[in-house]
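Step one of this worksheet: look at the structure below.
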Amino acid sequence: MSAPTPRPAETSARLSHKAAQFTESVIREMTRLAMKYNAVNLSQGFPDFAAPEEIKEAARMAISADINQYAITWGAKNFRNAIAEKFARVQGIEIDPEREITVCCGSTEAMMSSMMAIINPGDEVVVFEPFYENYGPDAILSGATPRFVKLQPPDWTFDPQELAAAFGPATKAIILNTPNNPTGKVFTRAEIETIRDLCVRWNAYAITDEIYEHMVYDGAEHISPATIEGLHDRTITINALSKTYSVTGWRVGWAIAPPEVTNAIRKVHDFLTVGAAAPLQEAGAIALRFPEIYYKQLAEDYLVRRDHLLTILDNAGFRCFRPRGAYYIMTDISAFNFPNDVEFAKYLVKEIGVAAVPGSSFYNDPKDGSQHLRFTFCKTQKTLNAAAERLEKLRP
Ligand SMILES: Cc1ncc(COP(=O)(O)O)c(C=O)c1O
């Protein structure tokens, strides 16, 4: 018998094949480039304005009161109760905070834990594209094969036949992000019902990322898929404090799912991260109980920022797809005659001083996004004005 041979010396043989299948986040890279070139950062979706004073004070008080040790792994009771109360208040759905909620480190972990809780080898996941860039690596890391379905500009509708063709016996879930990043699309009731029919037919889950639920404009209404008849028992609703309360750095999110799914999510979550920051969950419980006026004001403030950035981009020669939700504007850059989005984004950050995200990072095939660039408007008027000034140098 020959002696066993050691692993080959090349690094690639010693690293995970999964990790080799995706690159580092383009969005986060653009933020680093923005810092390097001192550019106005309209790439990554984090507010550059203050979080509400009440929740900052609540976090300080929780730390002073020594809520500094591990919370219950699936979430502090007070926080889970607040999540359930808000879901009932806003969506009219009663959920059991003891059996149907898992608090995670941001919606990012909630998505990853949910996928790892339901995916088996050979499973497929339907993903609308353009998609929030995390969903690709989420699929790879959990072992799912993504099946992409196009949202078609200018209004980002999908072809029901194309969607139906993406479902089949191997479909374990569909990932739905509404209001949508990067397009600003808000899925309609009729669209969600089409999705529901396919989920029921193929016995698939709907994993819905609703992190922008309170940012809707022009009369658009956010419909939480769990409220649609027939979807409730097969929906995993993902959300977080990050965007609604302008605390993306807190890393507190959650997954709402039927009890047997929650059991599996809780186990994955426990061994991935043990739990989200205990004092910040206490502060989150206060945030989730903010009165209605807070959410109304939030949407109104974002509407002003959206219209401001639409005007700026329009004046600079971009063709804008007017978003009805979330806080991004997807643009068409063909008027600038650049070979592709990445070259244009690099030119913009280095020479003009404005950072945006290349459209290709939202598509499986980079060619599909090569004439798009995404800008965010979760910024102060001052930041947007600074971007406007710099963009004056840019002419198609
Ligand atoms: C659609 C979507 N989901 C999730 C996230 C990340 O959320 P969190 O900070 O709660 O992990 C983002 C952040 O940009 C997002 O756009």
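The values are calculated or read from the model by the stated rules, or taken from the named source; none is laboratory data. Owing to the predicted nature of the structure, the values given are computational and were not obtained by experimental measurement. Neighbour counts run over all protein chains shown; Cβ positions are idealised from the backbone, glycine included. Quick note on the areas: whole protein, heavy atoms, side chains included, nothing else; ligands and nucleic acids left out. Shrake-Rupley method; radii C 1.70, N 1.55, O 1.52, S 1.80 Å.
Of everything in the stretch 70-89, what is over 18 Å from residue 269 (Cβ atoms) and in contact (Cβ under 8 Å) with a residue 40 or more places away in the chain? Give them in sequence order. Let's see the steps before the verdict.
Step one: of the stretch 70-89, the residues over 18 Å from residue 269 (Cβ atoms) are 78, 81-82, 85-89.
78, 81, 82, 85, 86, 87, listed by residue number.
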Could you check the stretch 216-247 and list, in sequence order, the residues that are among the β-branched types (Val, Ile, Thr), in a loop (DSSP other than H, G, I, E, B) and away from the ligand (no atom under 14 Å from the Cβ)?
223, 228
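For residues that are open to solvent by 60 Å² or more (accessible area, probe 1.4 Å) and assigned to a helix (DSSP H, G or I), scanning just the stretch 133-161, find the one that is farthest from the ligand (Cβ to nearest atom). Explain how you work it out, then say what you get.
Of the stretch 133-161, the ones open to solvent by 60 Å² or more (accessible area, probe 1.4 Å) are 141, 145, 147, 152, 154-155, 159-161.
Cutting the leftovers down to assigned to a helix (DSSP H, G or I) gives us 141, 160-161.
On the way: 141: 15, 160: 23, 161: 26 Å.
My answer is 161.
Residue-wise test of (1) in contact with a His (Cβ under 9 Å, 6 or more places away or on another chain); (2) under 21 Å from residue 256 (Cα atoms); (3) at pLDDT below 95.
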position: 109; (1), (2), (3): yes, yes, no
position: 120; (1), (2), (3): no, yes, no
position: 123; (1), (2), (3): no, no, no
position: 126; (1), (2), (3): no, yes, no
position: 133; (1), (2), (3): no, no, yes
position: 136; (1), (2), (3): no, no, yes
position: 150; (1), (2), (3): no, no, no
Considering only residues of the stretch 253-289 that are within 16 Å of the ligand (Cβ to nearest atom), within 13 Å of residue 110 (Cα to Cα) and not in a helix (DSSP H, G or I), which is farthest from the chain's Cα centre (by Cα)?
275
Residue that is nearest to residue 361 (Cα to Cα) [pool: residues in the stretch 108-132 that are open to solvent by 20 Å² or more (accessible area, probe 1.4 Å) and either within 13 Å of the ligand (Cβ to nearest atom) or outside any loop (DSSP other than H, G, I, E, B) (or both)]:
132
Which residues, taken from the stretch 89-107, are of a type in the set (A, V, I, L, M, F, W, C), open to solvent by less than 30 Å² (accessible area, probe 1.4 Å) and more than 16 Å from the ligand (Cβ to nearest atom)?
93, 95
With 183, 178 as the choices, which residue is within 16 Å of the ligand (Cβ to nearest atom) and either open to solvent by 10 Å² or more (accessible area, probe 1.4 Å) or in contact with a Leu (Cβ under 9 Å, 6 or more places away or on another chain) (or both)?
183
Restricting attention to the stretch 80-105, which residues are under 22 Å from residue 292 (Cβ atoms) and of a type in the set (Lys, Arg)?
80, 86, 89
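Report, by residue number, each residue of the stretch 372-384 that is loosely packed, with under 14 Cβ neighbours inside 10 Å and without any contact (Cβ under 8 Å) to a residue 60 or more places away in the chain. So that I can check it myself, show each step before the final result.
Keep residues of the stretch 372-384 that are loosely packed, with under 14 Cβ neighbours inside 10 Å, which gives 380-382.
Within the stretch 372-384, just 382 meets the criteria.
If you check residue 83 against the conditions, is it of a type in the set (Val, Ile, Thr) and either away from the ligand (no atom under 16 Å from the Cβ) or under 30 Å from residue 387 (Cα atoms) (or both)? Spell out how you get there, then give the answer.
Details: of a type in the set (Val, Ile, Thr): yes; either away from the ligand (no atom under 16 Å from the Cβ) or under 30 Å from residue 387 (Cα atoms) (or both): no.
In short, no.
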Based on this model, can you work out whether residue 250 counts as assigned to a loop (DSSP other than H, G, I, E, B), open to solvent by 10 Å² or more (accessible area, probe 1.4 Å), within 24 Å of residue 299 (Cβ to Cβ) and of a type in the set (Phe, Trp, Tyr)?
yes
Of all residues in the stretch 315-361 being part of a helix (DSSP H, G or I) and polar (S, T, N, Q), the one that is most open to solvent (accessible area, probe 1.4 Å):
315
Given the criteria aliphatic (A, V, I, L, M) and in contact with a Ser or Thr (Cβ under 8 Å, 6 or more places away or on another chain), does residue 272 qualify?
yes
I'm trying to understand the selection: among the residues of the stretch 338-396, which are of a type in the set (D, E, K, R) and over 23 Å from residue 132 (Cα atoms)?
350, 351, 382, 389, 390, 392, 393, 395
